[in-house]
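Sharing a structure below in structure tokens format, with a few things to ask.
The values are calculated or read from the model by the stated rules, or taken from the named source; none is laboratory data. The shown structure was predicted, so the numbers you read here are calculated from the model rather than taken from an experiment. Cβ sites come from the backbone with ideal geometry, for glycine too, and all protein chains shown count toward neighbours.
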Amino acid sequence: MKSWKQSWSKVLILILILCHGCRAENQNVPASTSSPNKTKPVESAAKQPHSEKKKTEPESKINKNHENESKTAALEEKATMVDVLELVSDSEVFGKTKIYCNHEYAYVDNGIIQGVHKPPWDKVYFINRENQSLFVWDTKKPYPFTGVLQTDLMEHKVNKIKGKTRYMGYDSLVIEGYKNHPLPILRITVTQKFKIPASLTIGYSQNFFYPPQLGFPLLVEYRESLQADSKWMKVYEIKSLKRTQIESSKFIVPAYKKAEDITRFTFMGPPGDNSNTIEDLFEYHFDRKKTRSGSSKN
């Protein structure tokens, strides 16, 4: 009996030793049924991709910001451009002139003087960039350059609409001007199809002696002599016209000094010199003309 108990106790001790050895070998392996705290490393490992995503978010935001800035810049650049009708004319009165106009604004440039027409259209701003001067014309008063322009046109008081035509693709009227003579002395082709500031037409109509409400001039011809067989000579014509875009800054009037009269505006000396007489101003421009032609000033 005692030997059986001893052998059983030996077996029991052997089983306990084997169990203890197994536990010692596997103590570093987390069991799924063990304490909840042992699952934290797995959870943190699962969260690791989210932390990487957080790191990359600022880069994506930066790229989006750059894209938004580029789009904004493109929109702003597009906003600075204005749809206009570009007219190129040639005349004895105005010379070669480019006109950019729409229903609100007009910018006229003959290479020497620029004109800006803008709402409310009761004034036109003439700009001389060479001497940085400005002349403001009230459109209710006579056109300021009429007296200084050299022209062979005879002033007339009577205008008659003689018919309709198409010129440069636009429906137009043909007007003839008379002055105490059975023959017309001026023939004007005008259109009312341009949506342009009224102030733009007023200046041209005053130089060609017709009512501005008849339209914008596309062609102006005059008789060489007061004879029935005399030919019509072109004094003004539109050479080309097209739709285009220009920068809206063209219609901004610069902060130049206002000239007292049209003579000083045209012949004013360099900026900052206000002591010149009219004779001095003519001499100044004469000297500049000589310098440009290559001659030296004595």
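Kindly indicate whether any position in the range 124-135 is closer than 20 Å to GLY215 by Cβ and touching a residue at least 12 places away in the same chain (Cβ under 8 Å). Quick ask: steps written out before the conclusion?
Here is the first cut: in the range 124-135, the residues closer than 20 Å to GLY215 by Cβ are 124.
Imposing the further condition that a residue be touching a residue at least 12 places away in the same chain (Cβ under 8 Å) reduces the set to 124.
Within the range 124-135 (the criterion being closer than 20 Å to GLY215 by Cβ and touching a residue at least 12 places away in the same chain (Cβ under 8 Å)), the answer is yes, since at least one residue qualifies.
Hey, can you tell me all the residues within the range 83-103 that are of a type in the set (Phe, Trp, Tyr) and assigned to a loop (DSSP other than H, G, I, E, B)?
In the first step, residues of the range 83-103 are kept if they are of a type in the set (Phe, Trp, Tyr); the result is 94, 100.
Residue satisfying the conditions is PHE94 alone.
How many residues are under 37 Å from the mean Cα position of the chain (by Cα) and farther than 20 Å from GLY169 by Cβ when one looks only at the range 204-222?
So in the range 204-222, the residues under 37 Å from the mean Cα position of the chain (by Cα) come out as 204-221.
Next cut, farther than 20 Å from GLY169 by Cβ only: 205-213.
Here the count works out to 9.
Follow-up question, since we're still on this one. Here is a list: SER249, SER230, SER225. Which entry is surrounded by fewer than 14 Cβ atoms within 10 Å (Cβ to Cβ), free of Cβ contacts under 8 Å to residues at least 60 places away in the same chain, out of contact with any Lys or Arg (no Cβ under 7 Å at 6 or more places or on another chain) and over 20 Å from MET168 (Cβ atoms)?
Values: SER249 fails: free of Cβ contacts under 8 Å to residues at least 60 places away in the same chain; SER230 fails: out of contact with any Lys or Arg (no Cβ under 7 Å at 6 or more places or on another chain).
Of SER249, SER230, SER225, the one residue that is surrounded by fewer than 14 Cβ atoms within 10 Å (Cβ to Cβ), free of Cβ contacts under 8 Å to residues at least 60 places away in the same chain, out of contact with any Lys or Arg (no Cβ under 7 Å at 6 or more places or on another chain) and over 20 Å from MET168 (Cβ atoms) is SER225.
Additional query: Might you let me know whether the range 267-277 holds any residue that is over 30 Å from TYR170 (Cα atoms), modelled with pLDDT of 75 or more and β-branched (Val, Ile, Thr)? Step through it out loud before you land on a result.
First pass over the range 267-277, keeping only residues over 30 Å from TYR170 (Cα atoms): 267-277.
If we keep only those that are modelled with pLDDT of 75 or more too, we end up with 267.
Keeping just the survivors that are β-branched (Val, Ile, Thr) gives none.
Among the residues of the range 267-277, not one is over 30 Å from TYR170 (Cα atoms), modelled with pLDDT of 75 or more and β-branched (Val, Ile, Thr), which makes the answer no.
Looking only at the range 162-192, count how many residues are assigned to a loop (DSSP other than H, G, I, E, B) and either surrounded by 14 or more Cβ atoms within 10 Å (Cβ to Cβ) or in contact with a Gly (Cβ under 8 Å, 6 or more places away or on another chain) (or both). So that I can check it myself, show each step before the final result.
Within the range 162-192, the first condition is being assigned to a loop (DSSP other than H, G, I, E, B), and the residues that meet it are 168-169, 179-185, 192.
When the remaining residues are screened for being either surrounded by 14 or more Cβ atoms within 10 Å (Cβ to Cβ) or in contact with a Gly (Cβ under 8 Å, 6 or more places away or on another chain) (or both), the result is 168, 179, 184-185, 192.
Within the range 162-192, residues that are assigned to a loop (DSSP other than H, G, I, E, B) and either surrounded by 14 or more Cβ atoms within 10 Å (Cβ to Cβ) or in contact with a Gly (Cβ under 8 Å, 6 or more places away or on another chain) (or both) number 5.
Here's something else I'd like to know. On the given criteria, is ASP122 within 15 Å of GLY203 (Cβ to Cβ) and exposed (fewer than 13 other Cβ atoms within 10 Å of the Cβ)? Lay out the reasoning, then the answer.
On the way: within 15 Å of GLY203 (Cβ to Cβ): yes; exposed (fewer than 13 other Cβ atoms within 10 Å of the Cβ): yes.
Spelling it out, ASP122 is indeed within 15 Å of GLY203 (Cβ to Cβ) and exposed (fewer than 13 other Cβ atoms within 10 Å of the Cβ).
For the range 104-123, give me the residue count where each residue is assigned to a strand (DSSP E or B), farther than 18 Å from SER249 by Cβ and free of Cβ contacts under 8 Å to residues at least 40 places away in the same chain. Give the steps one after another, and end with the answer.
Step one: filter the range 104-123 for residues assigned to a strand (DSSP E or B), giving 106-109, 114-117, 123.
Subset that is farther than 18 Å from SER249 by Cβ: 123.
Add one more test, that the residue is free of Cβ contacts under 8 Å to residues at least 40 places away in the same chain, and what stays is none.
Summing the residues that are assigned to a strand (DSSP E or B), farther than 18 Å from SER249 by Cβ and free of Cβ contacts under 8 Å to residues at least 40 places away in the same chain in the range 104-123 gives 0.
Considering every residue within the range 195-212, establish whether at least one is exposed (fewer than 12 other Cβ atoms within 10 Å of the Cβ) and farther than 30 Å from ASP261 by Cα.
Scanning the range 195-212 turns up at least one residue that is exposed (fewer than 12 other Cβ atoms within 10 Å of the Cβ) and farther than 30 Å from ASP261 by Cα.
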